[in-house]
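> Before I ask anything, here is the structure I am working with.
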Amino acid sequence: MARTDPPAAAPVPGGSAAASADPGESGRAARVVAPDPRAGDDDRGLRPATFDEFVGQARVVQNLRTWIAAARAASRTLDHTLFTGPPGLGKTTLAHLVAGALGARLVATSGPILERPADLAGLLTKIGAGEVLFIDEVHRLRTNVEEYLYSAMEDFRIDVSIDEGPYARSVSIPLQRFTLIGATTRAGLLSKPFRDRFGIQERLVPYAPEELVAVLERSAGVLGLPIERDAARVIAERARGTPRIANRFLARVRDVAQAGGATRIARGDADRGLRMLGVDAEGLDDLDRRILAILAEAPSQAVGLKTLAVATGEEEGTIEDVYEPYLIVRGFVRKTARGRVLGPRGYDLLGLERAREPEQGALFS
Ligand code: ADP
């Protein structure tokens with residue numbers, strides 16, 4: 001049983017980032033719009049520290065305040081909570097805010113880090129009464145680890161096997177009552193028994209441009225360089241409804257302003273900075289444009305996700321989670337049962353005549 005693995009999680013005192021690992025991301029250049037905290041600036045300083053500083057998601061925040069107030073009033077542990085929604089919308093931030101509002105310590109880890117039930121057992125036995133265990137990318141937990149969580153979530157007990165071979169036996173260890181907060185970009189990948197064990201489930205939605213303007217104005221204040229409304233609006237409109245992307249753009253636009261000796265961020269800085277990042281007026285970056293070009297090459301046939309991944313050199317999951325949702329919502333891409341095709345706005349953007357519906361099966365899958 002002796003192990004030398006790195007620790008599966010680190011306690012996070014108020015407001016710092018979750019430990020996270022994604023082997024697929026290593027060694028690859030950061031994409032401009034990738035809302036991945038590891039792909040660019042460390043935005044921890046920009047993370048709202050209280051619910052009052054958290055912009056938007058009004059229904060979710062209102063609900064959480066109520067569930068937390070009720071739990072506190074009755075001296076109960078908050079029910080296990082699941083946050084779902086695209087990357088960069090504030091799931092991790094909310095987990096920290098919930099822990100803060102409960103006055104509880106938060107221990108952060110992520111699905112891929114927890115390789116074996118023993119990793120999870122090590123964590124759970126160290127969680128104190130009322131504390132929060134935050135598991136990011138909870139859809140990436142291995143099945144045996146996920147199933148191991150069931151009894152911890154429901155009965156606050158885990159079974160640990162001691163010894164091996166003929167002496168192996170299992171002992172049931174009681175845990176302190178804790179709150180599990182899971183975050184996932186792919187709620188559909190969670191098994192029903194797992195999902196059902198989260199008493200609170202909240203879905204985050206993309207932010208309206210005005211909300212992102214508010215995020216940017218606050219972030220600019222934190223960065224120490226005020227931003228003009230016009231400049232914030234330009235960035236907000238191209239940030240795909242995602243605060244993390246807005247903040248990442250802001251950091252570079254701030255650099256452009258500061259490099260020019262400015263003491264505030266003006267519209268011209270935003271235009272220039274976004275141009276330097278390769279972000280066009282529609283908020284699309286190089287990879288988006290490559291996806292559209294690939295679809296345009298096969299105008300009468302649907303293209304499968306695998307083909308897109310190979311042709312762009314990006315992971316299937318990233319294309320599905322990060323790129324496609326925006327391209328689809330904005331009408332640049334359409335997803336059919338057979339695969340992806342250019343959407344009406346995709347044709348317009350590329351200056352192509354709209355093609356007829358694909359009739360054959362997918363070109364590739
Ligand atoms: P997720 O866990 O959903 O990927 P995060 O919680 O890590 O997203 O949020 C990414 C960053 O975006 C945070 O560090 C914070 O700076 C910013 N952010 C997210 N949501 C908000 C919000 N509602 N108000 C202000 N800033 C936000």
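> Evaluate the distance, in nm, between pseudo-label points positioned 7 Å from the Cα of Ala214 and of Asp196 along their respective Cα→Cβ axes.
3.8
> Right, another one. Between Asp52 and Arg354, what is the label-point separation in nm under the 7 Å Cα-to-beta-carbon projection?
In this crude spin-label approximation the distance works out to 5.0 nm.
> Please give, to one decimal in nm, the separation of the simple spin-label points placed at Asn63 and Arg264, each 7 Å out from Cα toward the Cβ.
Taking the simple label geometry, Asn63 and Arg264 are separated by 3.9 nm.
> Roughly how far apart, in whole Å, are the Cα centres of region 92-138 and region 260-316?
35
> Taking a ≥ b ≥ c as the square roots of the Cα gyration tensor eigenvalues, with a/c under 1.5 meaning rounded and otherwise prolate when a/b beats b/c, else oblate, which class fits region 17-203?
Here region 17-203 falls in the oblate category.
> Listed highest first by mean packing, meaning other Cβ atoms within 10 Å per residue, what order do 140-152, 88-100, 224-236 come in?
Ranking the peptides 140-152, 88-100, 224-236 by packing returns 88-100, 224-236, 140-152.
No value in this document is a laboratory result; all are computed from the given coordinates. The model shown is predicted, which means the values in this text are computed figures rather than measured ones. Reconstructed Cβ throughout: ideal geometry from the backbone, glycine too, with neighbour counts over all protein chains shown.
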